[in-house]
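Chemist: Right, I'll just put the structure down here and ask away after.
The values are calculated or read from the model by the stated rules, or taken from the named source; none is laboratory data. Source: prediction; values computed, not measured. Cβ: placed from backbone, ideal geometry, glycine included. Neighbour counts: every protein chain shown. Ligands, DNA and RNA are excluded from the accessible area calculation, which covers all protein heavy atoms including side chains. Shrake-Rupley method; radii C 1.70, N 1.55, O 1.52, S 1.80 Å.
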Amino acid sequence: MPRRTTKGSPVAAGTGKATSEKGAAREILLEGLGVSAGIAIGEAHVVEIGVVNVPDYEIAAESVDAELERFRDALAKSERQLRKLKKKSAELHGAAAEELEFLLDAHLQMLSGSRVVRGVEKRILETQQNAEAAVQAEINAVAHDFEHLNDPYLSARAKDVREVGDRLLRNLTKTPFEAFKHLPEGAVVIAEELTPADTALLDPKRIHGFATELGGAESHTAIMARSLALPAVLGLAGLTSAIRTGDIVIIDGAGGRVFINPTAARLEEFHRRQLELEKTERILSRLKKLPAITRDGQRIGMLVNLELPRELDMALAAGAEGIGLLRSEFLFMNRVDLPSEDEQAEAYRTLVEGMEGKPVTIRTLDVGGDKLAPSLRDRLGETANPALGLRAIRLGLQERPLLETQLAAILRASAFGPVRILLPMISSLSEVKQVREILLQVAKRLKRRGVKMADPLPPMGVMIEVPGAALAADALAQVSDFFAVGSNDLTQYTLAIDRGEEQVAHLYNPLHPAVLRLIQFATEAALRARIPISVCGEIAGDPKFAPLLLGLGIQDLSMAPVNLPRVKQRIRNIDYLAATRCARLIMDQWDTGRIAMLLDDFNALAV
Ligand code: PEP
Ligand code: MG
């Protein structure tokens, strides 16, 4: 039997014959955060942090200081990344940890006061080269010198110099992984880290799954993986040094495990499990046309969260009754310009028509935090606490044309079917009032242009994802047409735990009584004001939470299409009255462990 490892520690496992191409390679097991269920088996493709096109231009004399600043920002970011990786590598044991630490230290040294740094600064200052071109030129020069040393150890350091250069370039250009386009069918992507924008570029028809060294369970990268139904494991210490392109790899998304060079027996086991999963999917797909109705007759709305227009087919195939959350920010990613009103209107119209009369809830732009749009980088700036900074509706109210353009596009799409407008990161009443005023002005302008739109105007609701909004829910209910509980951010902000940070991932828990009380408070406020309330955070897509959310009075659940059949199955197997009693019992508890146990006990009766 293979040895189970402590979290994140690579261990040679199994004594059977290795089945990778190399034949003699030993099986290695890594454990991390399983963020998207499913099994992927395929050839690993380690995507390097690299930039294909390095821009090269001369900067104006008055821009030299700003360019130096840009370079120093990239230096600082690279340093932060390396320190994080170093901390993560400490989870490994023995020689592996030592070797990795040594390597990362060498990289870190190159970022502080080294010849590379001095050389780049000199090039920017004296020849007015842009930062990217200066980094490229300096790295080439330093690596060339190393390569021509007679000492084999020192000449091998040229590779490190180039790796550091690639990291700097990637942080300067913030370029997504171009390399994805060229990956062969069936590839499993292995990377140090993938941003949500990188992940959005993965084509599930060609890529079978991915694993990364960094990343938390509720990060937008994880959410994107679930949306695309790509098996994924994040937060795997030592991953990129344990695996090479071409190795055979198994991603066990539910178990949070990655097997490198699996044994023949392991491959057989996972092929069998893949077939079992497919069979379960086929059985679940029979629920598509059936309503989500509890055994005692309570009907629950089953909606989907969509990130990319290409997920529409998945939503329809899953039997979605509407889109409960369209994360419109993904229209703004992986491009250097902003989408125009026409382009946005067309994208929204396609979704509205595609949903054939079912409601489509379009959330206004929610960039900031880990969701970045290159076109808005200057406006967002670099801040110490991006999750608490200029994000979401705060940006829209500051950059009015941005919000107005989007509202105009949404209104135009509302002529083609039922649309709802959802505002992200609302923390006060005045924000809602301001947006409503802007919406009325935009509608007036469109009317003057003779543009068709819904009459009356679409309902406007707010995300309940900031603790302050949950606590002020009774007031917000007076100015909102509906609520959507964003439990991902609500958990992050209530417990002060970065949802994308793997080092504190074990502390992130939506079952914390503080989070549940806020959800309960907001739900009761919505029910009193007779406005609809849904949950669209990730807990809505986990069948385990369904009895609790129903018991608290939630009427609609919105989730990644891939999760819908399982949640529906759970709802059809529970008793609404019993769920209400279970929720009441849970709300009397203080201890998160006991809450989890009570919920597990209830669920055990419902499967
Ligand atoms: C949430 O915060 O729960 C949510 C649904 O929004 P996002 O995950 O896009 O921040
Ligand atoms: Mg949110």
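Chemist: On a 26 Å Cα-Cα criterion, which of the cross-link pairs K122/K174; K279/K358; K84/K544; K205/K288; K205/K371; K358/K568 come out too long?
Modeler: Over 26 Å apart, Cα to Cα: K279/K358; K84/K544.
Chemist: How much FRET efficiency would the formula 1/(1 + (r/R0)^6) give for E147 and T592, where r is the Cβ-Cβ distance and R0 is 56 Å, rounded to 0.05?
Modeler: Result of the calculation: an efficiency of 0.50.
Chemist: A further question follows. Where only protein heavy atoms count, and the probe is 1.4 Å, what is the accessible area per residue for the chain in Å²?
Modeler: 43 Å²
Chemist: For segment 272-341, just say rounded, prolate or oblate: build the C-alpha gyration tensor, square-root its eigenvalues into a ≥ b ≥ c, call rounded for a/c under 1.5, and beyond that prolate if a/b exceeds b/c, oblate if not.
Modeler: oblate
Chemist: Starting from the eigenvalues of the Cα gyration tensor, five times each then square-rooted, give me the equivalent ellipsoid semi-axes of the chain, largest first, whole Å.
Modeler: For the chain, the semi-axes come out at 41, 33, 21 Å.
Chemist: For segment 534-544, take each phi angle, set θ = phi - 60°, evaluate the Karplus expression 6.51 cos²θ - 1.76 cosθ + 1.60, and give the result in whole Hz per residue in order, putting x for glycine and proline.
Modeler: Whole-Hz 3J(HN,Hα) from phi for segment 534-544: 10, 10, 10, x, 5, 5, 5, x, 10, x, 4.
Chemist: Sticking with this one: Estimate the FRET efficiency between H271 and D542 by the formula 1/(1 + (r/R0)^6), using the beta-carbon distance for r and 30 Å for R0, to the nearest 0.05. Present the calculation step by step, with values, prior to reporting the outcome.
Modeler: On the way: r = 27 Å, r/R0 = 0.89.
After rounding, the FRET efficiency stands at 0.65.
Chemist: Could you check how much of the accessible area of segment 292-420 is carbon and sulfur, as a whole percent, using a 1.4 Å probe?
Modeler: Exposed carbon and sulfur together represent 52 percent of the surface.
Chemist: From the helices alone, meaning DSSP H stretches of at least four residues, give me the mean residue ellipticity at 222 nm for the chain, per-run term -39500 (n - 2.57), in deg cm²/dmol to the nearest 500.
Modeler: Roughly -14000 deg cm²/dmol at 222 nm, from the helical runs in the chain.
Chemist: Taking the Cα centroid of segment 445-520 and of segment 85-160, what is the distance between the two, rounded to the nearest whole Å?
Modeler: Cα centres, segment 445-520 to segment 85-160: 44 Å.
Chemist: Further question: In debye, nearest 20, what is the charge dipole magnitude of the chain about its Cα centre with +1 on Lys and Arg Cβ and -1 on Asp and Glu Cβ, if you could check? Write out the running numbers ahead of the final one.
Modeler: Details: 75 positive and 81 negative charges, 434 e Å.
That gives a dipole near 2080 debye.
Chemist: Where the accessible area of segment 25-155 is counted over protein heavy atoms with a 1.4 Å probe, how much of it, in %, is carbon and sulfur?
Modeler: Taking all protein chains in place, segment 25-155 shows 52 percent carbon and sulfur surface.
Chemist: Would you grab the residues whose amide H sits under 5 Å from the one on L306? Only those 5+ places off in sequence or on another chain, please, with H modelled 1.01 Å from N.
Modeler: L325, L326, R327
Chemist: Where does the longest stretch of the chain lie that holds no chymotrypsin sites (Phe, Trp or Tyr not before Pro) found in a DSSP loop with 12 or fewer other Cβ atoms within 10 Å?
Modeler: Free of exposed loop sites, the longest segment is 58-589.
Chemist: Which is farthest toward the positive dipole end of the chain among L228, N385, N171, measuring Cα position about the Cα centre, with Cβ charges +1 (Lys, Arg) and -1 (Asp, Glu)?
Modeler: Projecting each Cα onto the dipole axis, the largest value belongs to L228.
Chemist: By how many nm would the segment from R83 to A415 lengthen if fully extended, with 0.36 nm per residue of separation less the alpha-carbon distance?
Modeler: Taking 0.36 nm per residue and subtracting the Cα distance, the gain is 114.4 nm.
Chemist: Please list 3J(HN,Hα) in residue order for segment 78-90, calculated via the Karplus relation 6.51 cos²θ - 1.76 cosθ + 1.60 where θ = phi - 60°; whole Hz, with x for glycine and proline.
Modeler: Listing the rounded values in order: 4, 5, 4, 4, 5, 5, 5, 5, 5, 4, 4, 5, 5 Hz.
Chemist: Let me ask something else. If you build the Cα gyration tensor of segment 211-370 and take the root of 5 times each eigenvalue, what three semi-axes come out, in whole angstrom, biggest first? Please report the intermediate quantities before stating the final value.
Modeler: Values: eigenvalues 213, 125, 35 Å².
Semi-axis lengths for segment 211-370 are 33, 25, 13 Å.
Chemist: Report in % the part of the accessible area of segment 442-559 that belongs to carbon and sulfur, leaving out ligands and nucleic acids; probe 1.4 Å.
Modeler: 53 percent
Chemist: Can you compute the FRET efficiency between E356 and R448 using 1/(1 + (r/R0)^6), with r the Cβ-Cβ distance and R0 = 35 Å? Round to the nearest 0.05.
Modeler: Working: r = 31 Å, r/R0 = 0.88.
E(calc), rounded to 0.05, equals 0.70.
Chemist: Just to check I understand the Karplus step: with θ = phi - 60° and J = 6.51 cos²θ - 1.76 cosθ + 1.60, what whole-Hz values come out for segment 513-527, glycine and proline as x?
Modeler: Each residue's phi maps through the Karplus curve to give x, 5, 5, 4, 5, 5, 5, 4, 4, 5, 5, 5, 5, 5, 5 Hz.
Chemist: Name the residues whose placed amide hydrogens come within less than 5 Å of the amide hydrogen of V46, ignoring near sequence neighbours (fewer than 5 apart) on the same chain.
Modeler: Result for V46 returns I190, T245, G246.
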